[in-house]
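What follows is a set of notes on a single structure, which appears directly below.
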Amino acid sequence: MIRSYQPDDASAVLAINEANVPAVGEMDITKLELFAEIAEWLKVVEIEGEVVGLLVGLTEGQERYKSPNYAWFSERHDSFIYVDRIAIGEGARNQGLGAKLYDAFAEWGRESGRPVMSAEVNTIPDNPGSHRFHQRYGFVEVGRERPYGPNEEVAMYDLTL
């Protein structure tokens, strides 16, 4: 079941996020609390009472969030939804939960009148499974950036909603 994040979910969310680094960026309680304040779409997947996944979705205009990847999309889109991170716990992977989260977020984006969904995927270190997922989902690569120096690179993806 996809539901809104609650503060009681914090320890599970942080553990799932940590288990998915470097595919997702690191997150501590301070960053999670910021997301809880600014993210218009902060959802978890719960199965049998256990949080097994999350998606942090932002929209335009979040000046408090200092991510260079988010800023890159903000410079290019007046109105958009942005997947800051998606993470599924190891025991819940390969069950279509990521696609269900993306489906729900994209539907919310359409209903809110936003024309594009954006996300980035690591190329250094590479995350080939995520590239395949995004490409199958219909995302198009629109750029590459090295926001944190020469040893990290991301592919920027957009999906027309």
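The values are calculated or read from the model by the stated rules, or taken from the named source; none is laboratory data. Since we're looking at a predicted model, the values are computed, not measured. We place every Cβ from the backbone using ideal geometry, glycine too, and count neighbours over all the protein chains shown.
In segment 135-158, of all residues being free of Cβ contacts under 8 Å to residues at least 24 places away in the same chain and in a helix (DSSP H, G or I), the one that is surrounded by the fewest Cβ atoms within 10 Å (Cβ to Cβ) corresponds to Arg136.
Could you go through segment 75-94 and let me know if any residue there is crowded, with 18+ Cβ neighbours inside 10 Å, of a type in the set (D, E, K, R) and not in a strand (DSSP E or B). Within segment 75-94 (the criterion being crowded, with 18+ Cβ neighbours inside 10 Å, of a type in the set (D, E, K, R) and not in a strand (DSSP E or B)), the answer is no, since none of the residues qualifies.
Answer yes if at least one residue in segment 118-129 is in contact (Cβ under 8 Å) with a residue 40 or more places away in the chain and assigned to a helix (DSSP H, G or I), and no otherwise. Looking through segment 118-129, none of the residues is in contact (Cβ under 8 Å) with a residue 40 or more places away in the chain and assigned to a helix (DSSP H, G or I). Can you pull out the residues in segment 134-160 that are at pLDDT 95 or above and of a type in the set (Phe, Trp, Tyr)? Matches in segment 134-160: Tyr137, Phe139, Tyr157. Residue pairs whose Cβ atoms lie under 9 Å apart, separated by 6 or more positions or on different chains, with the first residue in segment 2-24 and without any contact (Cβ under 8 Å) to a residue 24 or more places away in the chain and of a type outside the set (A, V, I, L, M) and the second outside any helix (DSSP H, G or I) and surrounded by fewer than 17 Cβ atoms within 10 Å (Cβ to Cβ), are Glu18/Glu26.
The set of residues in segment 1-58 being hydrophobic (A, V, I, L, M, F, W, C) and in a strand (DSSP E or B) consists of Ile2, Trp41, Leu42, Val44, Val45, Ile47, Val51, Val52, Leu54, Leu55, Val56, Leu58. Residue count for segment 33-49, restricted to those that are under 14 Å from the mean Cα position of the chain (by Cα) and among the charged types (D, E, K, R): 2.
Residues that are β-branched (Val, Ile, Thr) and closer than 12 Å to Leu161 by Cβ: does segment 127-144 have at least one?
Step one: of segment 127-144, the residues β-branched (Val, Ile, Thr) are 140, 142.
Restricting the remaining residues to those that are closer than 12 Å to Leu161 by Cβ gives none.
No, segment 127-144 contains no residue that is β-branched (Val, Ile, Thr) and closer than 12 Å to Leu161 by Cβ.
Among the residues examined, Gly98 qualifies as in a helix (DSSP H, G or I), crowded, with 17+ Cβ neighbours inside 10 Å and of a type outside the set (A, V, I, L, M, F, W, C).
Reported count of residues in segment 59-74, each being without any contact (Cβ under 8 Å) to a residue 60 or more places away in the chain and in a helix (DSSP H, G or I), is 3.
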